[in-house]
Amino acid sequence: MLRTWHRPLVVFGWSMVVLIPVALIGLLVDDRTVVNSPIWLKPFKFAVSLAVYAFTLAWLLTYLKRFQRLGWWAGTVLTAAGALEMVVIVGQVLRGKRSHFNFETPLDTALFSIMGSTIVVLWVTHAIVAVLLWRTKIENDALTWSIRLGLVISFLGLGVGFLMTRPKPGQALDGDTLGSHTVGAADGGAYMALTGWSTEHGDLRVGHFVGMHALQVLPVLIALLGRRANTRLAWVLSGSFLGIFLLVTWQALRGQSLVQPDSTTLLALTGIVVATALGLVWAREPKKELVPA
């Protein structure tokens, strides 16, 4: 089946799969840290995330009925951008340097600038793929809409990365660091195991991760529901996922850790839960009444 998928994306996906155990070994045997975090944690997380993302897009591109060449080139350019970003990340690990927001030396500055360019390219090519697939009907209506809306939410999730590059309070253009994942403090504080997200302050990586992977979560939910899924349900689940994405991003921008929500955040979460419950009731298809003979 993989032979019919977008080959560059599939190859990139497999390369990320190969990188995962390499990064795990690095976590076990390399005790170096960068910004208070194991130095191999970032390559591990990026490899897992990009492997899932690459295989998903490679699969989705098989559904294109029109503009297949444009879709192939968009996927190929996206692959090149993702691969270049990972080369920089792993290269900086080998150098014992921070890859993101690093302006310590001219080389570090150049490498981070390259990463910034790859993110822009990836974001634009994702948008092209989204537009092409939005115009394509895929199998059934529920799956079609879960993929369309998942592409839009993942586009927004990728865009959260641009918020991280903004100068934070106390940072200067001629400093060693410009931008950060954390809001309300410098990167490097207490963090969650595996994810590395801050447990004390806001962390934009939460919204970035949640939004980006809507493209996998929503179609999988629709597929698992099988015949019970319909277009209304696809919209309700997508709306709920969008609400969660916006909530965790807003929470981070307020400098609040995911694990320390205040009453405002909890009230907003309650509203999303209630709206989702009402939406699920609305999404139930009405039973067809029997017409007397």
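Inspection of segment 235-244 finds a residue satisfying the criterion of being among the polar types (S, T, N, Q), under 27 Å from F46 (Cβ atoms), crowded, with 17+ Cβ neighbours inside 10 Å and in contact (Cβ under 8 Å) with a residue 40 or more places away in the chain. When the residues of segment 199-212 are filtered to those that are more than 21 Å from F155 (Cα to Cα) and in contact (Cβ under 8 Å) with a residue 60 or more places away in the chain, the one that is farthest from the chain's Cα centre (by Cα) is E200.
Do we have any residue at all in segment 68-83 that's surrounded by fewer than 21 Cβ atoms within 10 Å (Cβ to Cβ), part of a helix (DSSP H, G or I) and among the hydroxyl-bearing types (S, T, Y)? Taking every residue of segment 68-83 in turn, at least one turns out to be surrounded by fewer than 21 Cβ atoms within 10 Å (Cβ to Cβ), part of a helix (DSSP H, G or I) and among the hydroxyl-bearing types (S, T, Y).
Pick out the one residue from L132, L221, L215, L151 that is within 23 Å of A283 (Cβ to Cβ), touching a Gly at 6+ places or on another chain (Cβ under 6 Å) and in contact (Cβ under 8 Å) with a residue 60 or more places away in the chain.
Details: L132 fails: within 23 Å of A283 (Cβ to Cβ); L221 fails: touching a Gly at 6+ places or on another chain (Cβ under 6 Å); L151 fails: touching a Gly at 6+ places or on another chain (Cβ under 6 Å).
Matching residue, one of L132, L221, L215, L151: L215.
Scanning segment 21-41 for residues that are of a type in the set (A, V, I, L, M, F, W, C) and crowded, with 16+ Cβ neighbours inside 10 Å returns A23, V34, V35, I39, W40, L41.
A54 - would you say it is more than 25 Å from P167 (Cα to Cα), part of a helix (DSSP H, G or I), in contact with a Phe, Trp or Tyr (Cβ under 7 Å, 6 or more places away or on another chain) and modelled with pLDDT of 90 or more? Here the answer is yes, as A54 does meet what is asked. Of the residues F101, F44, which is within 16 Å of the chain's Cα centre (by Cα) and buried (at least 20 other Cβ atoms within 10 Å of the Cβ)? Sole residue among the options that is within 16 Å of the chain's Cα centre (by Cα) and buried (at least 20 other Cβ atoms within 10 Å of the Cβ): F44. Return yes or no: is A223 under 21 Å from the mean Cα position of the chain (by Cα), in a helix (DSSP H, G or I) and loosely packed, with under 15 Cβ neighbours inside 10 Å? When the stated conditions are applied, A223 passes them.
Within segment 182-195, track down each residue that is within 27 Å of A110 (Cβ to Cβ) and at pLDDT below 85.
Filtering segment 182-195 down to residues within 27 Å of A110 (Cβ to Cβ) leaves 182-183, 186-188.
Answer for segment 182-195, where residues must be within 27 Å of A110 (Cβ to Cβ) and at pLDDT below 85: A186, D187, G188.
Based on what the data block shows, is R66 in contact (Cβ under 8 Å) with a residue 40 or more places away in the chain, over 21 Å from the mean Cα position of the chain (by Cα) and farther than 18 Å from S180 by Cβ? Here the answer is yes, as R66 does meet what is asked. Taking the criterion of being without any contact (Cβ under 8 Å) to a residue 40 or more places away in the chain and either over 22 Å from L194 (Cβ atoms) or acidic (D, E) (or both), the residues of segment 8-32 that qualify are W14, D30, D31.
Only one entry in S113, S146 is among the small types (G, A, S), assigned to a helix (DSSP H, G or I) and without any contact (Cβ under 8 Å) to a residue 12 or more places away in the chain, namely S113.
The values are calculated or read from the model by the stated rules, or taken from the named source; none is laboratory data. Since we're looking at a predicted model, the values are computed, not measured. All Cβ positions, glycine included, derive from the backbone under ideal geometry; neighbour counts span all protein chains shown.
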